[in-house]
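Undergrad: Below is one structure. I have some questions about it.
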Amino acid sequence: MTHWFHRNPLKATAPVSFNFYGVATTPAATKVCNDLRLSRTRLLELFTDSSCNPEMMKNATDLYFSLLQGFILSPDDSSQECKLRYIQNFKWTDTLQGHVPSAQQDAVFELVSMGFNVALWYTKYASRLAGKEDITEDEAKDVHRSLKIAAGIFKHLKESHIPKLITPVEKGRDLEARLIDSYIIQCQAEAQEVTIARAIELKHNPGLIAALAYETANFYQKADQTLSSLDPTYAGKWRKYLNLKTCFYMAYAYCYHGQTLLASDKCGEAIRSLQESEKFFAKAEALCKEYGETKGPGTTAKPSGHLFFRKLGSLIKNTLEKCQRENGFIYFQKVPAEAPQLELKANYGLVEPVPFEFPALNAHWTPETLAAFDLTKRPKDDTTKPKPDEEVKPLKEPDIKPQKDSGCHIS
């Protein structure tokens, strides 16, 4: 399989037993804790199960999150904070910063961390499908939808739940605005790649394809700029990927803009546009090599080995040769020194995140169930207190293998 998209590792987490002996005083309270433990374990297993599909993931996430909401929401719909919110400590690693976790004794931290991983899973599912050379139309739709769902989850976490955390998010961690914004923008850009591929396949207007490619390049550039103030040790590889995708889609934009100019009998400008396309494509090829040699977390995408990448190189070459022939026989126009300014706006095909909401409180959470948790029975020697310097084992992802010399995950 040729990886087309770069993917950072999933977040890893310490096991959580939800064993509140003495605190959970009725069978109903004990059962809800047992269901929480089992549904959390099942969800974590699905993250690394290559046979998992979106339906399986949705069922598992709906169950776990509906149960977890009982630690956050009051079953009587009051605005009062749930008494169980701070009963359990949760530990999660970050996608870029190795195996030492952040720890918070807060159910909202668990909600946003697990939600973040669910969004990452959708991006990885999309990547696995997109890596196939013979992708079907239905699979392309799945890729497109999965990326929009992921963007919607990231956006919902950022806007509605991360602000509720009591402990401020540390700089450079996943839940910080710079990282989560980059993930949202990257998901939108990658979903638009599917739209572009479809528009090319159906031979849509070159002006539309050029505009979509230009908007997509701008998305990638914006994602890269959002990461620019992060430590390059962690973000350098990811930024190389964003750079190469920016150049690749600028090459696409100038190539199809050249076709539009030629159709308008502006052959000299078309030649200059295609020459600019050639430059961006050469830069994208060079960045592919640099990206492959850069150490850092995540999978190593191999766009230069993908058919979609190789086709563009041939298209630029053939279109430029055609324009030069036409200009030599018919138009005799001067080729401008400056490349044309791309002021392209796509009216169709732009991607917006799919709105996301966490499921409602599970029916097992009744006022009686909540009342059955007696916090006065908690042991005085509370072993759930955070020990943030402990390492957490990484999830064994099928498409990521360890890189010994950096401590990061890469393939």
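The values are calculated or read from the model by the stated rules, or taken from the named source; none is laboratory data. Here the structure is a predicted model, which is why all the values come from computation and not from measurement. Here the Cβ positions follow ideal geometry from the backbone for every residue, glycine too, while neighbour counts run over all protein chains shown. Please note that ligands, DNA and RNA were not included when accessible areas were found on the heavy atoms of the full protein model with its side chains. Shrake-Rupley method; radii C 1.70, N 1.55, O 1.52, S 1.80 Å.
Undergrad: Placing unit charges on C-beta atoms (Lys and Arg positive, Asp and Glu negative, everything else neutral), compute the dipole magnitude of region 87-214 about its Cα centre in debye, rounded to 20.
TA: The dipole of region 87-214 has a size of about 220 debye.
Undergrad: How far apart, in nm, are two points set 7 Å out from the Cα along the Cα-to-Cβ line at residue 159 and at residue 374?
TA: Placing both labels 7 Å beyond Cα along the Cβ direction yields 4.5 nm.
Undergrad: Based on Cβ point charges of +1 for Lys and Arg and -1 for Asp and Glu, what charge dipole magnitude is obtained for the chain about its Cα centre, in debye rounded to the nearest 20?
TA: 700
Undergrad: If r is the Cβ-Cβ distance from residue 334 to residue 59 and R0 is 51 Å, what FRET efficiency results, to the nearest 0.05?
TA: Once the sixth-power term is evaluated, E becomes 0.20.
Undergrad: Would you kindly compute the Cα radius of gyration of region 206-349 and its largest Cα-Cα separation (Dmax), both in Å?
TA: 16.5, 54
Undergrad: Okay, next question. Expected output is a single nm value to one decimal: the length gained when fully extending between residue 171 and residue 233, i.e. 0.36 nm times separation in residues minus the C-alpha distance. What is it?
TA: Length gained, residue 171 through residue 233: 20.9 nm.
Undergrad: While we're looking at this one, here's another question. Per the Kirkwood definition applied to all pairs of different Cα atoms, how many angstroms is the hydrodynamic radius of region 1-140?
TA: Mean inverse Cα-Cα distance, inverted, gives 16.8 Å.
Undergrad: Continuing with the same structure: Relative contact order of the chain, please, whole-number percent, based on alpha carbon pairs below 8 angstrom and at least 6 residues apart.
TA: Answer for the chain is 27 percent.
Undergrad: Still on this structure: Counting pairs of alpha carbon atoms under 8 Å apart in space and at least six apart in sequence, what relative contact order in percent does region 72-201 give?
TA: 22
Undergrad: I would also like to ask the following. Whole number in Å², please: accessible area per residue of region 1-113, 1.4 Å probe, ligands, DNA and RNA not counted.
TA: Per-residue value: 38 Å².
Undergrad: Now for a different question. Quick one: pull the percentage of alpha-carbon pairs in region 13-68 with a separation above 17 Å. Provide the component values of the computation, followed by the final result.
TA: On the way: 637 of 1540 pairs.
When every Cα pair of region 13-68 is considered, 41 percent fall beyond 17 Å.
Undergrad: Sticking with this structure for a sec: Take the Cα radius of gyration of region 64-219 and divide it by 2.2 N^0.38 Å, with N its residue count; two decimals is plenty.
TA: Against the empirical 2.2 N^0.38 Å value, I get 1.26 for region 64-219.
Undergrad: In whole percent, and with a 1.4 Å probe on the protein chains, what portion of the accessible area of the chain is carbon and sulfur?
TA: Carbon plus sulfur share of accessible area: 53 percent.
Undergrad: Still on this structure, I have one more. Give 91/148; 155/222; 203/322; 124/240 a once-over and call out the pairs whose C-alpha atoms are over 25 Å from each other.
TA: 91/148
Undergrad: Pop the C-beta distance of residue 202 and residue 79 into the FRET formula with R0 = 51 Å and round what comes out to the nearest 0.05.
TA: 0.50
Undergrad: Quick one, which of (1) 49, 20, 17; (2) 45, 26, 20; (3) 35, 24, 21 is the actual semi-axes √(5λ) of the Cα gyration tensor in Å calculated for this model?
TA: Here semi-axes √(5λ) of the Cα gyration tensor in Å agrees with entry (1).
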